[in-house]
1. How many of the residues in segment 28-68 are hydroxyl-bearing (Ser, Thr, Tyr) and at pLDDT below 95?
2. Could you tell me how many of the residues in segment 128-160 are among the hydrophobic types (A, V, I, L, M, F, W, C) and more than 20 Å from Leu79 (Cβ to Cβ)?
3. Which residue, of Thr41, Thr5, is within 21 Å of Leu148 (Cα to Cα), of a type in the set (Ser, Thr, Tyr) and either within 10 Å of the chain's Cα centre (by Cα) or part of a helix (DSSP H, G or I) (or both)?
4. Please list, ordered by residue number, the helices (runs of 4 or more DSSP H) wholly in segment 118-184 having 3 or more residues that are within 18 Å of the chain's Cα centre (by Cα) and at pLDDT below 95.
5. Out of the residues in segment 36-46 meeting the condition of being in contact (Cβ under 8 Å) with a residue 40 or more places away in the chain and of a type outside the set (D, E, K, R), tell me which one is farthest from Met22 (Cα to Cα).
6. For segment 72-81, how many residues meet the condition of being surrounded by fewer than 18 Cβ atoms within 10 Å (Cβ to Cβ) and not aliphatic (A, V, I, L, M)?
7. Kindly list the number of the only condition in (1) free of Cβ contacts under 8 Å to residues at least 12 places away in the same chain; (2) in contact with a Gly (Cβ under 8 Å, 6 or more places away or on another chain) that fails for Glu153.
8. Which of the residues that make up segment 5-48 are over 17 Å from His82 (Cβ atoms) and among the aliphatic types (A, V, I, L, M)?
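The values are calculated or read from the model by the stated rules, or taken from the named source; none is laboratory data. These numbers come from a predicted model, not from an experiment. Cβ: placed from backbone, ideal geometry, glycine included. Neighbour counts: every protein chain shown.
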Amino acid sequence: MKTATQNLEDDHIHILRLIDLMELITHNETVDIVHLETIVTIIREFADGQHHAKEEQLLFPMLVEKGFSTENGPVAVMLHDHVQGREFVKGMAENIMQMKNGNHGAIQIVFANMTGYAALLRSHIGKENNVLFRMADQVISPDGQEQLLREFEKIELGQNQDKSKIEYAADITGLEKYFGIIKS
């Protein structure tokens, strides 16, 4: 049986691919604004809009029911990381807009936010995969895991979702091909 935590770890595979791409891009002297906007869109709609929604709306509340705290401990740390990540993405988006308005120096601020986001998310994913999700697997019953999976599907396929996880993964693959991470 696939578990809810495995579903979230599957999301992490795609998010880590995007982070690899972001890190590569920050070493380029010029980048097409369209690619930067695509990255922000994938983060906002997939990493935050779907993945973090599954955690914040479903997994974390279930863990709180099992005795975890939102004030301290692993759930609190993950929530704090989510807030920090959103600030980095906001910095990316605002400075992409500055670039569109002719401020060519804003690329350095975009890159700084991309680098900060990448470092934060690498650490965050490591904590979730190796600590929080393992703790969740210990306290959530098989029925609870199935319930979470059904609820995750509603978020993944919900009315507010522009694309599926598969479509976002395909967008990441397209960027990877463009930047030469994978060959066509």
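1. The number of residues fulfilling the criteria is 1.
2. Count: 2.
3. That would be Thr5, the only listed residue that is within 21 Å of Leu148 (Cα to Cα), of a type in the set (Ser, Thr, Tyr) and either within 10 Å of the chain's Cα centre (by Cα) or part of a helix (DSSP H, G or I) (or both).
4. Details: elements: 133-139, 142-156, 165-178.
Per the criteria, 142-156, 165-178.
5. Quick first cut of segment 36-46, residues in contact (Cβ under 8 Å) with a residue 40 or more places away in the chain only: 36-40, 42-46.
Then keep just the ones that are of a type outside the set (D, E, K, R); that gives 36, 38-40, 42-43, 46.
Details: Leu36: 9, Thr38: 11, Ile39: 8, Val40: 10, Ile42: 12, Ile43: 11, Phe46: 15 Å.
Ranking the qualifying residues of segment 36-46, first place goes to Phe46.
6. At the first step, the residues of segment 72-81 found to be surrounded by fewer than 18 Cβ atoms within 10 Å (Cβ to Cβ) are 72-73, 76-77, 79-80.
Restricting the remaining residues to those that are not aliphatic (A, V, I, L, M) gives 72-73, 80.
Residues flagged as surrounded by fewer than 18 Cβ atoms within 10 Å (Cβ to Cβ) and not aliphatic (A, V, I, L, M) within segment 72-81 amount to 3.
7. Of the numbered conditions (1) free of Cβ contacts under 8 Å to residues at least 12 places away in the same chain; (2) in contact with a Gly (Cβ under 8 Å, 6 or more places away or on another chain), the odd one out for Glu153 is (2).
8. Ile13, Leu21, Met22, Leu24, Ile25, Val31, Ile33, Val34, Leu36, Ile39
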